[in-house]
Amino acid sequence: MMIDFKSLEAVVWIDRLGSFKGAAEALRMTQPAISVRISQIERLLDAQLFYRTPKSVTLTPVGVTFLHYATQMLNLREELVETIRGHNDERGILRIGAMETVAHSWLPEFLREVGHKYPNMTVDLEISISEEIAHKITKGMLDIGFFIGPVNSPKMIESELCSYETALVGARDLFVETVGKIDLHRVPSISIITLSRNTLPHSTMRNFLAREDIIHHRINAMSSIPTILTMLLQGESLAFLPRAVMEDHIRKGDIRVIDTGMKLPLLRCVAGRLISHGSRVIEDVVSIAERLARATP
(Lines give C-alpha, C1' and ligand atoms only; values in the text may rest on other atoms or scores of the structure.)
Protein backbone atom coordinates (compact mmCIF):
# COMPACT_ATOMS: atom_id res chain seq x y z
CA MET A 1 0.00 0.00 0.00
CA MET A 2 1.18 3.49 -0.82
CA ILE A 3 0.33 6.53 1.31
CA ASP A 4 -1.51 8.93 -0.99
CA PHE A 5 -2.22 12.63 -0.57
CA LYS A 6 -5.77 12.00 0.65
CA SER A 7 -4.41 9.96 3.53
CA LEU A 8 -1.93 12.70 4.39
CA GLU A 9 -4.74 15.24 4.32
CA ALA A 10 -6.82 13.02 6.60
CA VAL A 11 -4.10 13.08 9.29
CA VAL A 12 -3.71 16.86 8.98
CA TRP A 13 -7.45 17.55 9.24
CA ILE A 14 -7.99 15.11 12.14
CA ASP A 15 -5.29 16.93 14.09
CA ARG A 16 -6.61 20.34 13.05
CA LEU A 17 -10.28 19.65 13.95
CA GLY A 18 -9.76 17.10 16.72
CA SER A 19 -12.09 14.46 15.32
CA PHE A 20 -12.53 11.93 12.54
CA LYS A 21 -16.00 13.32 11.85
CA GLY A 22 -14.72 16.86 11.36
CA ALA A 23 -11.96 15.65 9.02
CA ALA A 24 -14.51 13.65 7.01
CA GLU A 25 -16.69 16.73 6.54
CA ALA A 26 -13.73 18.91 5.56
CA LEU A 27 -12.56 16.39 2.98
CA ARG A 28 -16.08 15.52 1.82
CA MET A 29 -15.62 11.90 2.75
CA THR A 30 -17.47 9.52 5.05
CA GLN A 31 -16.21 8.98 8.58
CA PRO A 32 -15.68 5.21 7.94
CA ALA A 33 -13.55 6.07 4.89
CA ILE A 34 -11.36 8.32 7.05
CA SER A 35 -11.04 5.57 9.66
CA VAL A 36 -10.02 3.06 7.01
CA ARG A 37 -7.26 5.36 5.71
CA ILE A 38 -5.81 5.93 9.17
CA SER A 39 -5.93 2.20 9.95
CA GLN A 40 -4.13 1.42 6.68
CA ILE A 41 -1.36 3.88 7.50
CA GLU A 42 -0.97 2.48 11.02
CA ARG A 43 -0.74 -1.08 9.68
CA LEU A 44 1.83 -0.03 7.11
CA LEU A 45 3.97 1.76 9.68
CA ASP A 46 3.24 -0.71 12.47
CA ALA A 47 2.65 2.29 14.71
CA GLN A 48 -0.28 4.18 16.21
CA LEU A 49 -0.85 7.75 14.99
CA PHE A 50 -3.69 8.84 17.33
CA TYR A 51 -4.82 8.30 20.90
CA ARG A 52 -8.57 7.77 20.68
CA THR A 53 -11.04 8.37 23.52
CA PRO A 54 -14.82 8.89 23.36
CA LYS A 55 -14.25 12.64 23.76
CA SER A 56 -10.96 13.37 21.97
CA VAL A 57 -8.45 12.35 19.33
CA THR A 58 -4.82 13.42 19.85
CA LEU A 59 -1.56 12.62 18.13
CA THR A 60 0.86 10.08 19.54
CA PRO A 61 4.59 10.94 19.43
CA VAL A 62 4.80 8.94 16.19
CA GLY A 63 1.77 10.85 14.94
CA VAL A 64 3.50 14.17 15.61
CA THR A 65 6.45 13.07 13.47
CA PHE A 66 4.13 11.80 10.74
CA LEU A 67 2.22 15.09 10.77
CA HIS A 68 5.46 17.03 10.31
CA TYR A 69 6.34 15.14 7.12
CA ALA A 70 2.75 15.08 5.87
CA THR A 71 2.55 18.86 6.16
CA GLN A 72 5.83 19.29 4.29
CA MET A 73 4.68 17.02 1.49
CA LEU A 74 1.33 18.75 1.12
CA ASN A 75 2.98 22.17 1.14
CA LEU A 76 5.41 21.00 -1.53
CA ARG A 77 2.50 19.76 -3.62
CA GLU A 78 0.88 23.18 -3.41
CA GLU A 79 4.15 24.86 -4.34
CA LEU A 80 4.50 22.56 -7.33
CA VAL A 81 0.96 23.25 -8.53
CA GLU A 82 1.30 27.02 -8.13
CA THR A 83 4.69 27.08 -9.82
CA ILE A 84 3.57 25.07 -12.83
CA ARG A 85 0.21 26.83 -13.06
CA GLY A 86 1.94 30.22 -13.16
CA HIS A 87 4.76 29.03 -15.37
CA ASN A 88 5.36 30.26 -18.88
CA ASP A 89 8.46 30.73 -21.00
CA GLU A 90 9.02 34.24 -19.69
CA ARG A 91 9.01 33.18 -16.03
CA GLY A 92 10.91 29.94 -16.25
CA ILE A 93 14.57 28.95 -16.30
CA LEU A 94 16.53 29.21 -19.54
CA ARG A 95 19.59 26.93 -19.59
CA ILE A 96 22.31 28.24 -21.88
CA GLY A 97 25.67 26.71 -22.71
CA ALA A 98 28.43 28.78 -24.30
CA MET A 99 31.99 28.11 -25.35
CA GLU A 100 34.60 30.30 -23.72
CA THR A 101 35.33 32.30 -26.88
CA VAL A 102 31.73 33.54 -26.84
CA ALA A 103 32.08 34.39 -23.14
CA HIS A 104 35.05 36.62 -24.04
CA SER A 105 33.25 38.43 -26.87
CA TRP A 106 29.52 39.21 -27.15
CA LEU A 107 28.05 37.08 -24.34
CA PRO A 108 28.00 39.81 -21.61
CA GLU A 109 26.00 42.17 -23.84
CA PHE A 110 23.72 39.29 -24.83
CA LEU A 111 22.96 38.45 -21.18
CA ARG A 112 22.23 42.09 -20.40
CA GLU A 113 19.77 42.38 -23.28
CA VAL A 114 18.02 39.10 -22.45
CA GLY A 115 17.77 40.22 -18.81
CA HIS A 116 16.17 43.53 -19.80
CA LYS A 117 13.68 41.94 -22.19
CA TYR A 118 12.77 39.03 -19.88
CA PRO A 119 13.21 40.34 -16.32
CA ASN A 120 11.24 37.46 -14.77
CA MET A 121 13.22 34.73 -16.48
CA THR A 122 16.23 33.09 -14.81
CA VAL A 123 19.25 32.25 -16.96
CA ASP A 124 21.45 29.33 -15.92
CA LEU A 125 24.74 29.69 -17.80
CA GLU A 126 27.30 26.95 -18.35
CA ILE A 127 30.71 27.62 -19.93
CA SER A 128 32.08 24.50 -21.56
CA ILE A 129 33.68 23.08 -24.70
CA SER A 130 31.62 22.83 -27.88
CA GLU A 131 31.38 19.04 -27.90
CA GLU A 132 29.94 18.95 -24.39
CA ILE A 133 27.44 21.75 -25.10
CA ALA A 134 26.10 20.04 -28.23
CA HIS A 135 25.80 16.74 -26.34
CA LYS A 136 23.84 18.34 -23.50
CA ILE A 137 21.41 19.98 -25.92
CA THR A 138 20.60 16.65 -27.58
CA LYS A 139 20.05 15.13 -24.12
CA GLY A 140 17.69 17.96 -23.09
CA MET A 141 20.10 19.26 -20.44
CA LEU A 142 20.49 22.68 -22.11
CA ASP A 143 17.91 24.79 -23.95
CA ILE A 144 20.32 26.78 -26.14
CA GLY A 145 24.00 26.35 -26.90
CA PHE A 146 26.58 28.59 -28.56
CA PHE A 147 29.33 26.34 -29.89
CA ILE A 148 31.56 25.52 -32.85
CA GLY A 149 29.49 23.82 -35.51
CA PRO A 150 27.57 22.75 -37.30
CA VAL A 151 27.40 19.26 -35.83
CA ASN A 152 24.44 18.33 -38.09
CA SER A 153 22.54 16.46 -35.41
CA PRO A 154 19.06 15.29 -36.52
CA LYS A 155 17.76 16.44 -33.13
CA MET A 156 18.92 20.06 -33.39
CA ILE A 157 18.29 23.29 -35.23
CA GLU A 158 21.59 25.15 -35.78
CA SER A 159 21.73 28.82 -36.75
CA GLU A 160 25.08 30.30 -37.77
CA LEU A 161 26.01 33.28 -35.60
CA CYS A 162 29.53 34.40 -36.53
CA SER A 163 33.02 33.21 -37.39
CA TYR A 164 36.15 33.63 -35.28
CA GLU A 165 39.62 34.01 -36.77
CA THR A 166 42.39 31.96 -35.18
CA ALA A 167 46.02 32.87 -34.61
CA LEU A 168 49.24 31.32 -33.41
CA VAL A 169 50.79 33.74 -30.92
CA GLY A 170 53.74 34.08 -28.59
CA ALA A 171 54.93 36.45 -25.90
CA ARG A 172 56.29 39.82 -27.03
CA ASP A 173 59.94 38.89 -26.56
CA LEU A 174 59.67 35.38 -28.03
CA PHE A 175 61.55 35.03 -31.38
CA VAL A 176 62.24 38.77 -31.21
CA GLU A 177 65.36 38.31 -33.33
CA THR A 178 63.38 36.65 -36.13
CA VAL A 179 61.80 38.74 -38.89
CA GLY A 180 59.01 37.42 -41.10
CA LYS A 181 57.84 33.85 -41.30
CA ILE A 182 59.00 31.43 -38.61
CA ASP A 183 59.90 27.86 -39.53
CA LEU A 184 58.75 25.57 -36.73
CA HIS A 185 61.18 22.93 -37.99
CA ARG A 186 64.06 25.17 -36.90
CA VAL A 187 62.57 26.35 -33.60
CA PRO A 188 63.88 24.45 -30.55
CA SER A 189 61.34 22.27 -28.73
CA ILE A 190 58.55 24.44 -27.36
CA SER A 191 55.12 23.98 -25.81
CA ILE A 192 52.18 24.88 -28.06
CA ILE A 193 49.03 25.38 -26.00
CA THR A 194 45.58 24.93 -27.51
CA LEU A 195 42.07 24.49 -26.24
CA SER A 196 40.85 21.10 -25.04
CA ARG A 197 41.22 17.95 -27.08
CA ASN A 198 38.39 17.37 -29.54
CA THR A 199 38.29 21.11 -30.32
CA LEU A 200 39.10 22.49 -33.76
CA PRO A 201 42.21 24.49 -32.64
CA HIS A 202 43.72 21.38 -31.05
CA SER A 203 43.07 19.11 -34.04
CA THR A 204 44.28 21.79 -36.50
CA MET A 205 47.61 22.21 -34.74
CA ARG A 206 48.07 18.46 -34.31
CA ASN A 207 47.35 17.80 -37.98
CA PHE A 208 49.64 20.63 -39.13
CA LEU A 209 52.61 19.31 -37.15
CA ALA A 210 51.97 15.76 -38.37
CA ARG A 211 51.67 16.89 -41.99
CA GLU A 212 54.90 18.90 -41.77
CA ASP A 213 56.62 16.01 -39.97
CA ILE A 214 57.41 18.24 -36.98
CA ILE A 215 57.75 15.97 -33.97
CA HIS A 216 59.80 17.88 -31.41
CA HIS A 217 57.12 20.35 -30.22
CA ARG A 218 54.61 19.47 -27.49
CA ILE A 219 50.89 20.24 -27.83
CA ASN A 220 49.32 20.89 -24.43
CA ALA A 221 45.54 21.13 -24.16
CA MET A 222 43.83 23.37 -21.61
CA SER A 223 40.18 24.26 -21.11
CA SER A 224 40.67 27.69 -19.51
CA ILE A 225 41.51 30.60 -21.81
CA PRO A 226 42.60 32.92 -18.94
CA THR A 227 45.04 30.22 -17.78
CA ILE A 228 46.42 29.81 -21.30
CA LEU A 229 46.96 33.57 -21.62
CA THR A 230 48.67 33.74 -18.23
CA MET A 231 51.07 30.94 -19.17
CA LEU A 232 51.65 32.52 -22.57
CA LEU A 233 52.62 35.87 -21.05
CA GLN A 234 54.83 34.37 -18.35
CA GLY A 235 56.59 31.53 -20.13
CA GLU A 236 58.28 30.47 -23.31
CA SER A 237 55.39 28.89 -25.18
CA LEU A 238 53.10 29.44 -28.13
CA ALA A 239 49.32 29.37 -28.11
CA PHE A 240 46.88 28.62 -30.91
CA LEU A 241 43.53 30.24 -30.04
CA PRO A 242 40.61 32.23 -31.43
CA ARG A 243 41.91 35.71 -32.07
CA ALA A 244 38.91 37.33 -30.34
CA VAL A 245 40.11 36.20 -26.90
CA MET A 246 43.58 37.66 -27.47
CA GLU A 247 42.82 40.89 -29.32
CA ASP A 248 43.42 43.21 -26.36
CA HIS A 249 46.83 41.65 -25.66
CA ILE A 250 47.78 41.79 -29.34
CA ARG A 251 46.75 45.44 -29.56
CA LYS A 252 48.76 46.31 -26.42
CA GLY A 253 51.79 44.47 -27.75
CA ASP A 254 51.90 41.94 -24.89
CA ILE A 255 51.78 39.11 -27.39
CA ARG A 256 52.55 38.92 -31.10
CA VAL A 257 51.08 36.90 -33.94
CA ILE A 258 53.46 34.23 -35.26
CA ASP A 259 53.42 33.56 -39.01
CA THR A 260 54.37 29.94 -39.78
CA GLY A 261 52.70 29.64 -43.15
CA MET A 262 50.04 27.43 -41.64
CA LYS A 263 46.55 27.81 -43.10
CA LEU A 264 44.46 29.01 -40.18
CA PRO A 265 40.84 27.86 -39.90
CA LEU A 266 37.82 29.98 -39.10
CA LEU A 267 35.77 28.81 -36.14
CA ARG A 268 32.08 28.89 -37.09
CA CYS A 269 29.90 29.63 -34.07
CA VAL A 270 26.31 28.38 -34.16
CA ALA A 271 23.27 28.55 -31.89
CA GLY A 272 21.85 25.08 -31.35
CA ARG A 273 18.57 24.02 -29.78
CA LEU A 274 16.28 21.00 -29.99
CA ILE A 275 13.99 20.86 -33.02
CA SER A 276 11.14 19.90 -30.70
CA HIS A 277 11.56 22.71 -28.15
CA GLY A 278 8.34 24.56 -29.13
CA SER A 279 9.28 27.77 -27.31
CA ARG A 280 8.74 31.25 -28.73
CA VAL A 281 11.14 32.70 -26.15
CA ILE A 282 13.98 30.36 -27.13
CA GLU A 283 13.71 31.47 -30.77
CA ASP A 284 13.57 35.12 -29.71
CA VAL A 285 16.67 34.69 -27.54
CA VAL A 286 18.47 33.05 -30.47
CA SER A 287 17.53 36.05 -32.66
CA ILE A 288 19.11 38.36 -30.04
CA ALA A 289 22.27 36.26 -30.16
CA GLU A 290 22.32 36.37 -33.99
CA ARG A 291 22.08 40.16 -34.04
CA LEU A 292 24.73 40.78 -31.37
CA ALA A 293 27.16 38.14 -32.66
CA ARG A 294 27.08 39.53 -36.19
CA ALA A 295 27.58 43.08 -34.92
CA THR A 296 30.69 42.08 -32.96
CA PRO A 297 33.95 42.72 -34.86
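The values are calculated or read from the model by the stated rules, or taken from the named source; none is laboratory data. In this text, all values refer to a predicted model and were calculated from it rather than measured experimentally. Glycine gets a Cβ as well: all are built from the backbone with ideal geometry, and neighbour counts include every protein chain shown. Protein only, heavy atoms only, side chains kept; ligands, DNA and RNA dropped before computing areas. Shrake-Rupley method; radii C 1.70, N 1.55, O 1.52, S 1.80 Å.
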Among G170, G180, G253, the residue with the largest mean-square fluctuation in a Gaussian network model of the chain built from Cα contacts under 10 Å is G180
Once each part is reduced to its C-alpha centroid, what is the distance from segment 246-288 to segment 1-71 in angstrom? 61 Å
What does DSSP give for the chain in terms of the percent of beta bridges that are antiparallel, rounded to the nearest 5? 60 percent
Give the average over all directions of the projected area of the C-alpha convex hull of segment 5-117, one decimal, in nm². 11.4 nm²
Calculate I(q)/I(0) for segment 91-134 by the Debye formula, one identical point scatterer on each C-alpha and no solvent, and give its log10 at q = 0.15, 0.17, 0.24, 0.34 Å⁻¹ to two decimals. -0.38, -0.49, -0.86, -1.16
Reported to the nearest 10 Å², K136 has, with a 1.4 Å probe, an accessible area equal to 40 Å²
Accessible area of segment 28-119 with a 1.4 Å probe: how many percent of it is carbon plus sulfur? 56 percent
Given the protein chains as shown and a 1.4 Å probe, how many square angstrom of D183 are accessible, to the nearest 10? 70 Å²
Bin width 5 Å, origin at 0, all Cα-Cα pairs of segment 199-292: what percent of pairs per bin? 2, 9, 17, 18, 15, 12, 10, 8, 6, 3, 0
Per 5 Å bin, what is the whole-percent P(r) computed from every C-alpha pair distance within the chain? 1, 5, 10, 11, 10, 8, 7, 6, 6, 6, 5, 5, 5, 4, 4, 3, 2, 1, 1, 0, 0
Value at 222 nm in deg cm²/dmol, rounded to 500, when DSSP H runs of n ≥ 4 in the chain each add -39,500 (n - 2.57): -13500 deg cm²/dmol
For the pairs K117/K252; K117/K155; K6/K155, note any where the Cα-Cα span goes beyond 30 Å. K117/K252; K6/K155
Out of I137, A98, I127 - ranked by how far each Cα lies towards the positive end of the dipole of segment 92-177, with unit charges on the beta-carbon of charged residues - the top one is I137
Could you identify which residue out of L80, L184, L241 has the top mean-square fluctuation in a GNM of the chain using Cα springs shorter than 10 Å? L80
Carbon-plus-sulfur fraction of the accessible area of segment 186-245, 1.4 Å probe, in percent? 48 percent
Taking the chain as a Gaussian network, Cα atoms linked when under 10 Å apart, which of L200, L229, L76 shows the biggest mean-square fluctuation? L76
Cut-off 17 Å, label 7 Å out along Cα→Cβ of S153, residues of segment 278-297 by amide N: 278-279, 282-283, 286
Do any trypsin sites (Lys or Arg not before Pro) in segment 11-113 lie in a DSSP loop with no more than 13 other beta carbon atoms within 10 Å, and if so, which? R28, K55
May I ask you to give the solvent-accessible area per residue for the chain, in square angstrom, as obtained with a 1.4 angstrom probe? 55 Å²
Under the rule that an exposed site lies in a DSSP loop and has at most 15 other Cβ atoms within 10 Å, name the longest stretch of the chain with no GluC sites (Glu not before Pro) of that kind, not counting the sites themselves. 1-164
